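J.: Below are the structure tokens for one structure; questions will follow.
The values are calculated or read from the model by the stated rules, or taken from the named source; none is laboratory data. None of these values were measured; they are calculated from a predicted model. Here the Cβ positions follow ideal geometry from the backbone for every residue, glycine too, while neighbour counts run over all protein chains shown.
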Amino acid sequence: MLCASCTSESSDGPDIDWPHYLGDPGSRQYSDINQITRENVHRLEVAWTYDTGDSAMYQANNLIVDGLLYTPTPTRNVTALNAATGEHIWTFEPNSVHETVDRGQQRGLMYWASDDSTDRRVLTVKGSWLYALDAQTGTPVPSFGEGGWIHLGDGMDLDGRPQVGLNTPGYVYNDLIIVGANVGEDVPGAIRAFDVRTGERRWIFHTLPRPGQPGSETWPEGYLEKTGGASDWSGLAIDTERGIVYASTETAGPDFWAGDRYGENLFANSVVALDASTGERLWHYQIVHHDMWDMDLPAPPTLLTVTHEGRQVDVVAQGTKMGFVFVLDRVTGEPLWEIEEQPIAESELPEMRTWPTQPVPTKPPPLMRQRYTQDDVSTISPKATLLTNEMLQISGSFGAFPPPSLKQRIIFPGYDGGMEWGGLAADPDGILYVNVNEIPWFYQLVPTSRPDGTPLPLGERSYRIRCAACHGVDRTGNPGSGFPALTGIADVYSKNATMDIINQGIGRMEICINQLLFLPLREVLSATRAPSSNCACLLQWD
């Protein structure tokens, strides 16, 4: 926590709460604080620090209400501190109730207070459990759900109890907790509202529509047996005056294989406006049709008011991985400026057709480059220039929507490009503030069956899906990019050490293949490490 040790004449300004994720239900990330100014910002000093004891990555946007700071720690505990002094007030450990392993980062909390402020609650999620905590004591509220918690896998209108998580919090609107969901690629997504007092589900909107529901006509026959996702993991915004909730949805699953779901695939990759009290769909706008590039909407919608053609217009702005900002009328969903359907390259794989066009706004202009070209080749060293030129010549560059192919293609903007989960910001003057990533990636489909159509062994198939992107289909790695071969890892690491690396990550390796851990371990294959990396990967065979 920082403070300006030498304050300006505006230092007597009011204390401003931050009671919602990203500041307010409009996801604007704006505050009226005036104690820190351009004149005194250089005098900031550390006022206090607090160590949560966690070593993982911190991604939280904390809440401050009535002088208390509420923060989710990287291990998903919740801690309340005196915001002025850093004094510890309480900590809630979800694992004291349900032992849960949850590696996903928690980006925030939700807060609610009754009209008379006698009932104040902080809402948090770990695993599939949504907890309601007393804001003063940090203890679960017994009247909520099953003693202070509900399981988010319940009330999905699905058989059984699927694992449903939440990295990005929703918002409390009146007495409703409105949230999206993190689901597996085989679990249909949803946006739901729960009673903040009891935990009872009040409404649900199926972002992957059920047969016969609006939007189902954009899917092929039997689609629910072959796909899932299309959920809202990146967050929400709510127009509290109009009672409208805006959701930004993800790609339908699987992210990169779309052969079983040809169609526009509503309501995936869409801004969806719902009646906040009932969940009724008011309008939608799809930003990517039939996505097979993982171009899900990575940030929550942002609400602001702009001057357009001489009049004030309330709009919702949606950032994308492609570096586009789609600006839509908040009430009607109509674009403020024309959006063109532009043709894209056709698929090179007959079993996976691309939708012929993708929407491109004419305004604002793209906020990042739209194609990786010769002008972008690295000049940091002669070797880097040589390698980059070689990759560009081999792969070709097709922008954000390269044709599905068994050949390696450059995708730029890439999967982590554009406006990521941190979101956009807006001020009362109608100015939008945007952070943009420019990261090219490779895009390539790899066969998971033999030439005669019979399936590969489960371990080899999983390796191709989860590991080959870095270490190569033939396990020879890519030394130029620092990814080592895996054809002799048993000479470097024991089986247990390799499992530890997969569980915990090492060097450049991300914790991205935990899905493999449930598979039978039969054989470990590997190779000598490249000097530039200490990464290793497990290959499993039936």
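J.: Can you name the residue in the range 98-127 that is surrounded by fewer than 16 Cβ atoms within 10 Å (Cβ to Cβ) and β-branched (Val, Ile, Thr) and is also farthest from Gly153 (Cα to Cα) among such residues?
T.: The selected residue is Thr118.
J.: Would you mention how many residues in the range 432-445 are in contact with an Asp or Glu (Cβ under 7 Å, 6 or more places away or on another chain) and buried (at least 20 other Cβ atoms within 10 Å of the Cβ)?
T.: Going through the range 432-445 one residue at a time, the tally reaches 0.
J.: Being surrounded by 14 or more Cβ atoms within 10 Å (Cβ to Cβ), farther than 13 Å from Pro440 by Cα and of a type in the set (Ser, Thr, Tyr) is true for just one of Thr385, Thr354. Which residue is that? Quick ask: steps written out before the conclusion?
T.: Values: Thr385 fails: surrounded by 14 or more Cβ atoms within 10 Å (Cβ to Cβ).
Just a single option satisfies the conditions, and that option is Thr354.
J.: I'm trying to understand the selection: among the residues of the range 250-265, which are crowded, with 24+ Cβ neighbours inside 10 Å, part of a loop (DSSP other than H, G, I, E, B) and of a type in the set (A, V, I, L, M, F, W, C)?
T.: Of everything in the range 250-265, just one residue is crowded, with 24+ Cβ neighbours inside 10 Å, part of a loop (DSSP other than H, G, I, E, B) and of a type in the set (A, V, I, L, M, F, W, C), namely Ala258.
J.: Note down all Cβ pairs under 6 Å where the first residue falls in the range 1-30 and is over 27 Å from Val306 (Cβ atoms), the second is modelled with pLDDT of 50 or more and of a type in the set (Asp, Glu), and they're at least six residues apart or on different chains.
T.: Filtered contacts from the range 1-30: Ser5/Glu45; Ser8/Glu39.
J.: Grab the strands (runs of 3 or more DSSP E) fully contained in the range 92-134, keeping just those with 3 or more residues being farther than 20 Å from Leu236 by Cα and at pLDDT 95 or above. Please lay out each step first, then the result.
T.: Values: elements: 110-113, 120-126, 129-134.
Of the strands (runs of 3 or more DSSP E) lying wholly inside the range 92-134, none has at least 3 residues that are farther than 20 Å from Leu236 by Cα and at pLDDT 95 or above.
J.: Would you check if there is a residue in the range 383-401 being within 18 Å of Pro254 (Cβ to Cβ) and among the basic types (Lys, Arg)?
T.: From the range 383-401, those within 18 Å of Pro254 (Cβ to Cβ) are 401; that's our starting set.
When the remaining residues are screened for being among the basic types (Lys, Arg), the result is none.
Checked the range 383-401: no residue is within 18 Å of Pro254 (Cβ to Cβ) and among the basic types (Lys, Arg).
J.: Mind checking which residues of the range 287-332 are in a strand (DSSP E or B), among the aliphatic types (A, V, I, L, M) and closer than 21 Å to Thr168 by Cβ?
T.: Taking the range 287-332 and keeping what is in a strand (DSSP E or B), we get 302-308, 311-319, 325-329.
Next, from what is left, pick out any that are among the aliphatic types (A, V, I, L, M): 303-304, 306, 313, 315-317, 325, 327-328.
Answer for the range 287-332, where residues must be in a strand (DSSP E or B), among the aliphatic types (A, V, I, L, M) and closer than 21 Å to Thr168 by Cβ: Leu303, Leu304, Val316, Ala317, Val325, Leu328.
J.: Restricting attention to the range 28-37, does a residue exist that is at pLDDT below 95, part of a loop (DSSP other than H, G, I, E, B) and within 15 Å of Thr124 (Cα to Cα)? Explain how you work it out, then say what you get.
T.: Residues of the range 28-37 that are at pLDDT below 95, as a first pass: 31-37.
Imposing the further condition that a residue be part of a loop (DSSP other than H, G, I, E, B) reduces the set to 31-37.
Subset that is within 15 Å of Thr124 (Cα to Cα): none.
Checked against the condition, which is being at pLDDT below 95, part of a loop (DSSP other than H, G, I, E, B) and within 15 Å of Thr124 (Cα to Cα), the range 28-37 yields no hits at all.
J.: Using beta carbons and a limit of 8 Å, which pairs, at least six apart or on different chains, have the first residue in the range 328-354 and without any contact (Cβ under 8 Å) to a residue 12 or more places away in the chain and the second one of a type in the set (A, V, I, L, M) and surrounded by 15 or more Cβ atoms within 10 Å (Cβ to Cβ)?
T.: Glu334/Leu328
J.: Which of the residues that make up the range 147-184 are assigned to a strand (DSSP E or B) and more than 13 Å from the chain's Cα centre (by Cα)? Working first, answer last.
T.: At the first step, the residues of the range 147-184 found to be assigned to a strand (DSSP E or B) are 149-151, 165, 171-173, 176-179, 182.
Passing the criteria: Trp149, Ile150, His151, Tyr171, Val172, Tyr173, Leu176, Ile177, Ile178, Val179.
J.: Among the residues of the range 41-61, which ones are surrounded by 13 or more Cβ atoms within 10 Å (Cβ to Cβ) and polar (S, T, N, Q)?
T.: Once the filter is applied, which keeps residues that are surrounded by 13 or more Cβ atoms within 10 Å (Cβ to Cβ) and polar (S, T, N, Q), the range 41-61 yields Thr52, Gln59, Asn61.
J.: Looking only at residues that are under 22 Å from the mean Cα position of the chain (by Cα) and not acidic (Asp, Glu) in the range 23-40, which one is surrounded by the most Cβ atoms within 10 Å (Cβ to Cβ)?
T.: Going residue by residue through the range 23-40, those that are under 22 Å from the mean Cα position of the chain (by Cα) are 23-30.
With the extra rule that they be not acidic (Asp, Glu), the set shrinks to 23, 25-30.
Details: Gly23: 18, Pro25: 23, Gly26: 25, Ser27: 29, Arg28: 22, Gln29: 19, Tyr30: 18.
Among them, the one singled out is Ser27.
J.: Considering each of Ser248, Ser234, Ser270 in turn, give the residue that is modelled with pLDDT of 95 or more, within 22 Å of the chain's Cα centre (by Cα), of a type in the set (Gly, Ala, Ser) and closer than 20 Å to Pro220 by Cβ.
T.: Numbers: Ser248 fails: closer than 20 Å to Pro220 by Cβ; Ser234 fails: closer than 20 Å to Pro220 by Cβ.
None of the other options fit; the residue is Ser270.
J.: Considering each of Asp429, Asp452 in turn, give the residue that is at pLDDT below 90, surrounded by fewer than 15 Cβ atoms within 10 Å (Cβ to Cβ) and over 26 Å from the mean Cα position of the chain (by Cα). Before the answer, list the steps.
T.: Numbers: Asp429 fails: at pLDDT below 90.
Residue meeting the stated conditions: Asp452.
J.: Ok, one more. Scan the range 305-315 and tell me whether some residue there is at positive phi and surrounded by fewer than 18 Cβ atoms within 10 Å (Cβ to Cβ). So that I can check it myself, show each step before the final result.
T.: Here is the first cut: in the range 305-315, the residues at positive phi are 309-310.
Then keep just the ones that are surrounded by fewer than 18 Cβ atoms within 10 Å (Cβ to Cβ); that gives 309-310.
The answer is yes; a qualifying residue exists.
J.: Taking the range 188-225 only, how many residues are touching a residue at least 60 places away in the same chain (Cβ under 8 Å), among the β-branched types (Val, Ile, Thr) and within 19 Å of Thr249 (Cα to Cα)?
T.: Adding up the residues that qualify gives 3.
J.: Mind checking whether some residue in the range 180-190 is buried (at least 22 other Cβ atoms within 10 Å of the Cβ), at pLDDT 95 or above, farther than 27 Å from Tyr285 by Cα and out of contact with any helix residue (DSSP H, G or I) (no Cβ under 9 Å at 6 or more places or on another chain)?
T.: no
J.: So which pairs qualify, if the first residue must be in the range 307-321 and over 29 Å from Asn437 (Cα atoms), the second must be among the polar types (S, T, N, Q), the Cβ gap must be under 8 Å, and the two must be at least 6 apart or on different chains?
T.: From residues that are over 29 Å from Asn437 (Cα atoms), the pairs are Gln312/Thr305.
J.: If you don't mind, there's one more thing I want to ask. Inspect all residues belonging to the range 392-402 and state whether any of them is of a type in the set (Gly, Ala, Ser), over 30 Å from Pro25 (Cα atoms) and surrounded by fewer than 11 Cβ atoms within 10 Å (Cβ to Cβ).
T.: Start the filter on the range 392-402 by keeping residues that are of a type in the set (Gly, Ala, Ser), which leaves 395-397, 399-400.
Filter again for over 30 Å from Pro25 (Cα atoms), leaving 395-397, 399-400.
Add one more test, that the residue is surrounded by fewer than 11 Cβ atoms within 10 Å (Cβ to Cβ), and what stays is none.
There is no residue in the range 392-402 that is of a type in the set (Gly, Ala, Ser), over 30 Å from Pro25 (Cα atoms) and surrounded by fewer than 11 Cβ atoms within 10 Å (Cβ to Cβ).
J.: Something else now. Check the range 4-22 and report whether any residue there is modelled with pLDDT under 95, crowded, with 18+ Cβ neighbours inside 10 Å and at negative phi.
T.: yes
J.: Now, a different point. Kindly list the number of the only condition in (1) over 30 Å from Trp441 (Cα atoms); (2) in contact with a strand residue (DSSP E or B) (Cβ under 9 Å, 6 or more places away or on another chain) that fails for Arg311.
T.: (2)
J.: Can you list residue pairs whose Cβ atoms sit under 6 Å apart, with the first residue in the range 117-135 being at positive phi and the second being surrounded by fewer than 24 Cβ atoms within 10 Å (Cβ to Cβ)? Count only pairs 6 or more apart in sequence or on different chains.
T.: Listed pairs, sorted by first residue: Gly127/Thr100; Gly127/Asp102.
J.: Further question on the same structure: Within the range 206-243, work out how many residues are surrounded by fewer than 15 Cβ atoms within 10 Å (Cβ to Cβ) and under 18 Å from Met292 (Cβ atoms).
T.: Qualifying residue count, the range 206-243: 1.
J.: Out of all the residues in the range 403-426, which are surrounded by 19 or more Cβ atoms within 10 Å (Cβ to Cβ) and either of a type in the set (A, V, I, L, M, F, W, C) or over 17 Å from Gly319 (Cβ atoms) (or both)?
T.: Listed by number, the residues that qualify are Pro404, Arg409, Ile410, Ile411, Phe412, Met419, Leu424, Ala426.
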